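Take a look at the structure below.
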There are 2 protein chains.
Amino acid sequence: MDNYVRIFDTTLRDGEQSPGASMTSTEKLEIARTLSKLGVDIMEAGFPAASPDDLEAVRRIAIEVGNRPDGTRPPIICGLARASRLDIDKAWEAVRHAARPRIHTFLATSEIHMQYKLKMDREQVVERVVEMVGYARSLCEDIEFSPEDAGRSDPSFLYLVLGEAIKAGATTLNIPDTVGYTTPEEFGALIDGILKNTPGIDNCIVSVHCHDDLGLATANTLAGIRAGARQAEVTVNGIGERAGNTSLEEVVMALHTRRPIFGLTTGIDTTQIARASKLVSNYTGIVVPPNKAIVGANAFAHEAGIHQDGMLKHHTTYEIMRPESVGVTRTKLVLGKHSGRHALKTRLVELGYPLSEPELDKAFERFKLLADKKKTITDADLEALVADEFYQPREVFTLDGLQVTCGTMGMPTATVRLRGPDGQVHVHAAIGTGPVDATYKAIDAIVKAPNTLQEFAIHAITEGIDALGEVTVRIEGTDGMRQLDPQREVEHARTFSGHGAETDIIVASAKAYLAALNKMLIATGQYRPVEASARAEMT
Amino acid sequence: MDNYVRIFDTTLRDGEQSPGASMTSTEKLEIARTLSKLGVDIMEAGFPAASPDDLEAVRRIAIEVGNRPDGTRPPIICGLARASRLDIDKAWEAVRHAARPRIHTFLATSEIHMQYKLKMDREQVVERVVEMVGYARSLCEDIEFSPEDAGRSDPSFLYLVLGEAIKAGATTLNIPDTVGYTTPEEFGALIDGILKNTPGIDNCIVSVHCHDDLGLATANTLAGIRAGARQAEVTVNGIGERAGNTSLEEVVMALHTRRPIFGLTTGIDTTQIARASKLVSNYTGIVVPPNKAIVGANAFAHEAGIHQDGMLKHHTTYEIMRPESVGVTRTKLVLGKHSGRHALKTRLVELGYPLSEPELDKAFERFKLLADKKKTITDADLEALVADEFYQPREVFTLDGLQVTCGTMGMPTATVRLRGPDGQVHVHAAIGTGPVDATYKAIDAIVKAPNTLQEFAIHAITEGIDALGEVTVRIEGTDGMRQLDPQREVEHARTFSGHGAETDIIVASAKAYLAALNKMLIATGQYRPVEASARAEMT
């Protein structure tokens, strides 16, 4: 058995299934690029059968991230498919343009799932697995099969199903603890049993896929790896349905920090972890709490505000990892109002944002405006500014002006001026229960896209009373737009998130709401985005 | 060995050490009452040697929560002390009024801590432990001793130190993985070794105390319990320094959900978990992410928005716990503008808020105001309203009026009217970088209490565009107020959090900031709170 653990990232598939984590295909592509830079071995780019948009997003990733013009080895691009020809065809259509494509198909093997969900008996399940794995293999060399709810399946039936899947052509066998039910001992024993009892398993990679319902996902994943699994399925920040999937950063840093115990390596460039975490949090709108292992704001914060003394020089007294090893920079203060264009460019390149010259012009303009308001501009400010300016969804309606009055007199009023897709300017005033409600009501009166606000959050990006406020919103369309869930074969209402960053949080709230609305309008095909001309004007 | 796992909650001690989690003694008392209702066996109420305020907070908890007039058994109230007479004296002074007091003392035993932090050799460490455990035992029957950084200590030295501590009178031996470094296998083996090799251990309780730096705190705690530990040290929501402590809710629900495997019980009333989680999050200002196991907003959310079909009736296909088992109510819609005082009272009692008649009058008034603005009032709205109205710190300055203008024209202006501790009304207008900045600048001009804003966050409590916005702020006084860290023997800058809930988020922001400022002013002794008269006027 080799000592290399393959990191299979499913942020774009299982992660995106969390409520509100829906992303545009541009956002997905951006995350895929970041995952490639992070060094993941395989990325599950989506579930192509869900919708034509989902298929197209996976296809773009397969083409643009699954190939490298410089001749270095790109990551494997994987598409999920239920055990049906239609799903497998769509997955193949989406991933085939990658240099290294993979199809991942699954079927449940626990009694409870077979009885209530599939309404199939064991023989029928085996037959379907053999047929569909074989069909997938006829299209693609690299096939992954998962017996869904393996954590609650009869082990002897698992050995049989997996053995048949291998004969039919599966090359990776993934063992999911779908409902996050097992303990590390059980899960390790399950993997051990599979490795010992499944015919033909020696030539395959065994993979583990855990959920965190009891807070044990990382431990279960590590237990599976110690038992011999050599692929771990994870998401950045541990996002995913319910309590989420195993965190990429926790598994990777446990393996790296305790290398002498595990004796294993991964291909991850750990210094990219902090940036990937931030990007995924921004695009999905799912916050990372300060006490999150590895990527939380406090994870390395214990030296802040403490009187330095000799003891602290020996950082290992209370620190088992260096913040730099996961890409957390200690330097906070970087630029101020007297910093020039060159200083900004240099710092942005250091932060991993090599902007084009016209983009840099625009960024510098925003930077000067911010520097007029805010004494010191930190890395976090710069990242928020770049995200706000360049990583927004394509625009349909743009904010042209906003004026708000509110307070304890209880008549919050907002006047909004928007530029529509037709180039026309629309103005509307509205009263609400608060300044954000008034602003959103005024926007609604112009945009006329019925939706329910599901989530609204603001946080200050940096310390200080003059900080940039970053707003995240999540809306659900009320026109019946739904998204297919591959496992439960049911449809969720589709939700869209948007974010905006400004020192004025009401302006940021308006921008975030418009971003989410624009995503929704584009997804429903009601509007085409304002393309080239408007973008050119902006950059 | 018995089958009962004692739950030792250290939310008020190790949890409160997280940056920004400082609480007022009223908030601590409220949390202590909630922990008592939750059924924790022991609560570590604080570190009395840190400051006279900390001692007083622990003393109040010992008196008011550590005794039960109805004759039922109250929880053990524990105070932390470094291995020094002064600390032990203060801990005893604080906890002695409880019916069941405990002193918890500690000293580091790892080579790295002994060499760089303590500058003591092994013999000196043993000598100090024997002396101080013996001294503590001369005051109190129930003594807990922790060898700090046990996870990185030489096991054979641990056996020796623990054996001596037992001889000196320790009744509980707590084994901390101080830096969150161990894996479940290592930590289980450590506990197993201690149980097998420590002289006199049979008559003691072995306890485990883990940190989540590698995401393994829950798994390590469970591994320790399986190896024979019968006390688990935990915090609500897993708060604590860096990546935090083991989560109470994860350990308890793992033991309960997988009872056939563990064969163990706890005294926790799991239906109180959701409420405790919410209270701790409110008072500490530390957010719970949606994908947090057990208490995250999405932990049980997967049925929302899904087309119901036959399969979903068998909830166990994708659900290993019922939301009701941890006190999450599925009912969202409860009251509207036509609901009467009686309906409100009934619902508040069901939610665990048995308000007095004058309090209920006040709550009903707030409820009617909210119902005028908001179509449906949910449980979450009611809880926010009650917290905002009744669980605020005692007031020094109160908000009398606020008027704000902001928007894209870039001159956000706020006019603030405050009533001061002298009963005088003060008005000030200020311009800022945004509406919150302008408001805070106007407040600062009146209150004149220098501070740095460390954190600012807003979230909508419920779905819908007219939701209540809840604001959490954290400030750090710039006048040198510091808080002693018991382990590193260094001082942190003291920080204070405040929260406010209103449909107008700028008004909520003003209230949250004032709450934090009032906490700070009371803590520094600059002002006495506005007592009886003003409170009476309010209720």
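The values are calculated or read from the model by the stated rules, or taken from the named source; none is laboratory data. In this text, all values refer to a predicted model and were calculated from it rather than measured experimentally. For neighbour counting, all protein chains shown are included, and Cβ atoms are generated from backbone atoms with ideal geometry for every residue, glycine included. Surface accessibility is based on the protein's heavy atoms, side chains included, excluding ligands, DNA and RNA. Shrake-Rupley method; radii C 1.70, N 1.55, O 1.52, S 1.80 Å.
Assuming R0 = 51 Å, can you tell me the calculated FRET efficiency for the pair A:Ile63 and B:Tyr4, based on Cβ-Cβ distance, to the nearest 0.05? Taking R0 as 51 Å, the efficiency between A:Ile63 and B:Tyr4 is 0.30. The modelled label-to-label distance for the pair B:Leu369/B:Ser84, using points 7 Å beyond Cα in the direction of Cβ, is 4.8 nm.
Among the listed pairs A:Lys292/B:Lys337; B:Lys119/B:Lys292; A:Lys278/A:Lys511; A:Lys345/B:Lys292; B:Lys28/B:Lys345, those with a Cα-Cα distance over 30 Å are A:Lys292/B:Lys337; B:Lys119/B:Lys292; A:Lys345/B:Lys292.
Based on C-alpha pairs under 8 angstrom that are at least 6 apart in sequence, chain A has a relative contact order of 12 percent.
Contact with the other protein chains removes 40 Å² or more of accessible area, compared with the isolated chain and a 1.4 Å probe, from these residues of segment B:96-133: B:Ile112, B:Tyr116. Mean silhouette area of segment B:167-240, derived from the convex hull of its C-alpha atoms and averaged over all directions, reads 4.9 nm². Listed by chain and number, the aspartates and glutamates whose C-alpha is less than 15 Å from the C-alpha of B:Lys373, apart from same-chain residues fewer than 8 away, are A:Asp437, B:Glu365, B:Asp381, B:Glu463, B:Asp466, B:Glu502, B:Asp504. Applying 1/(1 + (r/R0)^6) with r as the Cβ-Cβ distance of A:Lys448 and B:Arg33 and R0 = 56 angstrom yields a FRET efficiency of 0.65.
From the C-alpha gyration tensor of segment A:103-231, pull out the three semi-axes of the equivalent ellipsoid (sqrt of 5λ each), sorted largest to smallest, in whole Å. They are 22, 17, 12 Å, listed largest first. Length, then width, then depth: along the principal axes, the Cα atoms of the protein assembly as shown run 78, 70, 63 Å.
A label point on A:Glu64, set 7 Å along the Cα-to-Cβ line, lies at 5.8 nm from each of its counterparts in the other copies, closest listed first.
With all projection directions averaged, the alpha carbon convex hull of segment A:1-85 covers 7.0 nm².
The contact residues of segment A:281-302, meaning those that lose at least 20 Å² of 1.4 Å-probe accessible area when all protein chains sit together rather than their chain alone, are A:Ile286, A:Val287, A:Pro289, A:Pro290, A:Asn291, A:Ala293, A:Asn298, A:Ala299, A:His302.
Between B:Glu56 and B:Val425, what FRET efficiency comes out of the Förster formula 1/(1 + (r/R0)^6) with R0 = 30 Å and r the beta carbon distance, rounded to 0.05? Rounded to the nearest 0.05, the efficiency is 0.40.
The length gained on full extension between B:Val349 and B:Asn203, counted as 0.36 nm times the residue separation minus their Cα-Cα distance, comes to 48.2 nm.
Accessible surface buried at the A:B interface totals approximately 8800 Å², computed with a 1.4 Å probe on protein heavy atoms. Rg/Rh for chain B (Cα atoms only, Rh after Kirkwood) is 0.99.
Per-residue ellipticity at 222 nm for chain A, helices alone: DSSP H runs ≥ 4 residues times -39500 (n - 2.57), over residue total, nearest 500 deg cm²/dmol?
Value at 222 nm, helices only, nearest 500: -11500 deg cm²/dmol.
Annotation for B:Asp192, label-to-label distances across the other copies: 1.1 nm (shortest first, one decimal, point 7 Å from Cα along Cα→Cβ). Panel note: contact residues of segment B:437-455 (accessible area lowered by at least 30 Å² against the chain on its own; 1.4 Å probe) correspond to B:Asp437, B:Leu453, B:Gln454. Shape of segment A:360-444 from the C-alpha gyration tensor: oblate (a/c of 1.5 or more and a/b not above b/c, with a ≥ b ≥ c the square roots of its eigenvalues). Surface exposure of chain B, expressed per residue as accessible area with a 1.4 Å probe, stands at 34 Å².
Shortest first and in nm to one decimal, what separations exist between A:His428 and its copies in the other chains, measuring from label points 7 Å along the Cα-to-beta-carbon line? Output for A:His428: 3.9 nm, nearest copy listed first. Figure note: B:Ile63, A:Ile61, A:Ile320, B:Ile431 ranked by solvent-accessible area, largest first, 1.4 Å probe, ligands and nucleic acids not counted: B:Ile431, B:Ile63, A:Ile320, A:Ile61. Ignoring ligands, DNA and RNA, what percent of the 1.4 Å accessible area of the protein assembly as shown is carbon and sulfur? Reported share for carbon and sulfur atoms: 51 percent.
Shielding by partners for peptide A:404-417, expressed as the average number of C-beta atoms from other protein chains within 10 Å of each residue's C-beta, is 6.
Separation of segment A:119-146 and segment A:151-216 by C-alpha centroid, Å? First find each Cα centre; the distance between them is then 16 Å.
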